[in-house]
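The values are calculated or read from the model by the stated rules, or taken from the named source; none is laboratory data. Treat the numbers as computed from the prediction; the structure is a model and nothing was measured. As a convention, Cβ positions derive from the backbone with ideal geometry for all residues, glycine included, and neighbour counts pool all protein chains shown. Surface areas here come from the heavy atoms of the whole protein model, side chains and all, with no ligands, DNA or RNA. Shrake-Rupley method; radii C 1.70, N 1.55, O 1.52, S 1.80 Å.
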Amino acid sequence: MTRPARRSWLVAGAAALVVVLVGGRWLALETAERAWAASVPAGHVYVVGHDIARLVSGLILLLAVVWGTGNVFFVYRAIGSVQLPRRLGDLEIVEAVPQRVLLGGTLASGLAFGFLLALGTGDWWMAARLAARPPRFGLADPLLHRDLGYYVGELPWLEHLHGLLLLASVSATLLVGLLYLGMGSLRFRRWLPHASAHARGHLGLLLAATALALAWGAALDPAETVAGLHGAVDRAALEVRLPAAPPVTAFALAATLALAQTRLERLAFGADSLVERPPPAWPTAEAAVTAWPLWDPGRVGAATARRASELLGPRSEVAGIALSAHGPSGGRATWLVAAMPDLDALARTQPAPRWPDIHRGAWARAGPPLVAIEADSGLRFAPVATHDSSTWFGPGFREFALAAPDSWPSLHASGIPLTGSWRRTALAWALQSPELTRRDTDGLLLLWRRDVVERLQRLAPFATFDAPAPLLVEGTLWWVSYGYLEAEAFPLVRRVEWQERPVRYLRAGLLGTVSAGTGETLLYLAPGADSLAAAWARILEPLVRPTDSLPAALRSQLPYPRQAFRIAAALLAPPRPDSTAWQPRPREPFEILAPGTDGSRDPRTWTAQGFETGTQREFAALMAATIGPRGPELFAWRLSPAVRLPSLLVGSPQPPTAPGELRLWNVGGGLLSEQALFNEPTPGGPPAGIDTVFLTWSERRGQGPTPWAALRDLLAGGRGDRFAADTSLAGRWEEARHLAAQADAALAAGDLEAFGRYYHQLRQLLEQSRRALAPAPAPR
């Protein structure tokens with residue numbers, strides 16, 4: 001075989017190998033994706049969306065390649081010949097480049113130019129699908145009188161197309177101009193350009209395309225200005241950018257912005273249900289203290305983690321914690337704790353676990369959930385009877401798992417049967433796990449994408465799903481996660497930073513639910529979903545189900561979207577730079593159990609945030625939110641006259657104590673606060689527990705080692721003219737002086753009962769101060 005023939009065979013073999021590897025990988029991924037879609041209800045919608053994404057991306061890539069190749073080829077047509085010098089010994093020979101080589105280089109450079117243009121357009125298909133069926137809010141902006149759906153549905157797609165046209169025309173003009181300049185078809189004489197007829201016509205077309213892109217940008221400019229894409233919307237921006245700026249007067253603009261901005265901001269960030277009135281009140285302090293939690297998810301998780309092997313089983317850790325309003329606690333606050341495999345311990349395990357241990361054994365699943373019931377001084381853990389004895393899906397389930405269909409019949413719907421040599425090979429290729437092709441895996445069920453957020457994100461990539469929360473519904477553990485829809489453009493709305501990117505529209509539009517035991521995955525329109533979410537639901541029907549199809553038992557336990565609540569709380573606080581500005585108290589939103597708005601005796605889980613103002617720590621407002629029977633309910637409560645909030649509670653290093661979460665609520669029309677001081681655990685010491693509970697109700701306060709003792713102290717009227725406990729040194733000294741004066745006055749009046757009560761409180765305060773301030777004993 002001659003050398004040219006051998007070279008041709010090598011090139012053909014290399015090309016065939018590339019085709020087999022790239023094509024085989026693509027075919028394997030397609031097979032795996034379609035097999036996974038078959039394990040999800042209405043998974044064919046996912047397949048259609050996958051195909052549309054590939055179609056839109058392919059069309060954009062095709063247009064970019066045709067544009068780039070066409071422009072470079074047009075330059076190639078103007079080239080007569082290209083000669084390159086070549087030295088052979090002492091002789092210099094000039095050789096002409098063959099036309100086929102020159103044509104191949106031209107096509108290759110055009111392809112490269114097109115691929116570079118198409119970079120970053122992989123997710124444009126979502127904007128294209130939404131623009132084809134845009135939402136309609138039925139509400140117009142007050143300046144351009146466009147429906148709000150234009151700004152979140154059509155404008156993003158037009159922005160993408162405009163940006164692509166402008167980039168393509170400008171970059172092609174520069175590239176072609178440089179090529180003509182190098183060929184000599186374009187020269188500058190006395191700073192004036194001189195071009196050949198061919199180059200002049202080509203550059204003229206490119207400059208016309210650039211002018212068209214600039215004109216299109218000018219047409220989009222008013223909508224971009226109103227949407228906030230050019231900065232804050234003020235009078236100066238409108239006068240410069242709006243075509244009808246002269247008729248806009250200062251008074252009309254001020255009135256428009258004042259009336260519309262608050263309404264549009266609440267609509268954009270899901271706070272349109274906000275009402276200025278108190279949330280439903282507990283009738284008595286006894287009822288509130290009985291139901292309120294003292295612990296928080298972080299402390300419950302830490303207490304569970306210290307006994308993880310005992311409570312959750314070996315090789316398990318905490319996956320999620322949620323406050324439950326329907327726990328088996330006899331009225332006490334209950335926390336639902338769900339488990340997941342401790343995959344981080346794999347690297348520390350000796351000997352290293354084998355492949356079957358990770359994907360089929362105890363590392364592949366976790367045990368059922370448990371409840372942590374708040375007792376007087378600590379937590380009491382109890383198992384929960386569920387329909388499923390193991391947890392296969394949840395946050396932190398990063399590895400795929402294999403299950404025998406006869407041992408786990410509930411997994412048939414969500415598992416991918418490992419049948420057929422090609423399916424097993426395709427899944428093994430996609431998961432980079434050749435063990436799936438072994439004969440002993442034949443007939444098993446493959447559980448893939450078991451992490452809740454990853455699973456939901458695959459089905460609805462246009463949404464951003466929050467950390468999931470566990471809910472126990474009729475003996476089944478479900479993971480629920482809100483999917484947020486965002487947009488950078490929305491009229492007359494301030495920009496908010498969310499996950500390190502600016503947004504002017506953010507709402508919880510979707511609700512994803514995943515069964516922890518079976519993997520059943522369902523998407524719903526979230527309660528209170530707006531027109532944008534409804535438009536996506538129409539596009540993805542029947543993958544996204546209507547809100548009315550949510551089971552009643554699940555809907556009654558839904559938490560309020562936490563990210564939406566944070567933004568709503570930030571919108572409530574008036575921006576003031578002086579000392580009267582509102583400050584959040586506590587620093588983070590808290591969860592609490594309180595009556596619902598439907599008059600039911602069963603409490604609901606509420607998310608709340610308090611605010612204080614001034615140097616006297618006066619109560620400014622309480623924002624509270626829940627998912628009620630009619631959808632999201634948001635309340636803003638302000639007290640008149642104002643009351644003072646409790647002083648800051650601080651811990652001590654010896655013995656170690658730390659303050660818990662401060663909770664505030666409406667009790668009988670007054671502000672009740674509750675906060676605990678916790679004993680921090682030490683190595684080898686007792687578990688964490690409650691040291692002291694502090695209560696305030698309007699101007700009364702009480703404290704004690706348990707909630708009931710603090711409540712008795714509160715209702716007895718002790719220190720009714722004082723405010724909350726200040727655990728700083730100065731605060732304790734002032735409190736001790738006040739108690740001593742009260743005890744002395746009671747003794748002088750002959751009231752021995754009051755003297756005994758004040759004396760007992762003084763001894764308690766001095767004992768706490770001694771424990772907090774005494775230095776640790778030096779080692780002997």
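For region 344-472, the extents of the C-alpha atoms along the principal axes are 60, 42, 31 Å, listed from largest to smallest. DSSP beta bridges confined to the chain are antiparallel in about 95 percent of cases. Rounded to the nearest whole Hz, the Karplus-based 3J(HN,Hα) values (6.51 cos²θ - 1.76 cosθ + 1.60, θ = phi - 60°) of region 309-323 follow the sequence 5, 7, 8, 9, x, x, 6, 10, 9, 6, 9, x, 9, 9, 6, with x at glycine and proline.
The Stokes-Einstein estimate for region 271-391, based on a Kirkwood radius over Cα pairs and taken at 4 °C with 1.567 mPa s viscosity, is a diffusion coefficient of 78 µm²/s. Accessible surface of THR437, taken over heavy atoms with a 1.4 Å probe and every protein chain present, rounds to 70 Å².
If one computes P(r) from the Cα atoms of region 432-491, what percent of pairs lie at distances over 14 Å? Percentage above 14 Å: 70. Relative contact order of the chain: 11 percent, from C-alpha pairs under 8 Å at least 6 residues apart in sequence.
Per residue of the chain, the DSSP helices (runs of n ≥ 4 H) give a summed -39500 (n - 2.57) that works out to -12500 deg cm²/dmol at 222 nm.
Take LEU323: with every protein chain present and a 1.4 Å probe, its accessible area is about 10 Å². What angle do you read, to the nearest 10 degrees and between 0 and 90, between the alpha-carbon axis of helix 155-183 and the longest principal axis of the chain? For helix 155-183, the angle is close to 40 degrees. Calculated on C-alpha atoms, the gyration radius of region 499-568 divided by its Kirkwood radius gives an Rg/Rh of 0.99.
For region 95-165, the equivalent ellipsoid derived from the alpha-carbon gyration tensor has semi-axes of 44, 11, 7 Å in decreasing order.
Region 127-169: percent of C-alpha pairs farther apart than 16 Å? In whole percent, the share of Cα-Cα pairs in region 127-169 beyond 16 Å is 43. Note on region 540-675: semi-axes of the ellipsoid equivalent to its C-alpha gyration tensor, largest first and rounded to whole Å, are 31, 18, 16. Across every pair of non-identical alpha carbons in region 418-549, the mean reciprocal distance, once inverted, gives a Kirkwood radius of 17.0 Å. Remark: the chain carries 48 Å² of accessible area per residue (probe radius 1.4 Å; ligands, DNA and RNA excluded). The three principal axes of the Cα atoms in region 489-605 give end-to-end lengths of 53, 41, 27 Å, sorted in falling order. For region 531-545, putting each phi into the Karplus relation 6.51 cos²θ - 1.76 cosθ + 1.60 with θ = phi - 60° gives couplings of 5, 5, 5, 5, 5, 5, 5, 5, 5, 9, 4, x, 4, 9, 8 Hz, in residue order, rounded to whole numbers and with x for Gly and Pro. Loop-resident trypsin sites (Lys or Arg not before Pro) (DSSP state other than H, G, I, E or B) in region 612-659 with no more than 14 further Cβ atoms inside 10 Å of their Cβ: ARG630, ARG638. What's the carbon and sulfur percent of the chain's accessible surface, probe 1.4 angstrom, rounded to a whole number? Result for the chain: 60 percent of the exposed heavy-atom area is carbon or sulfur.
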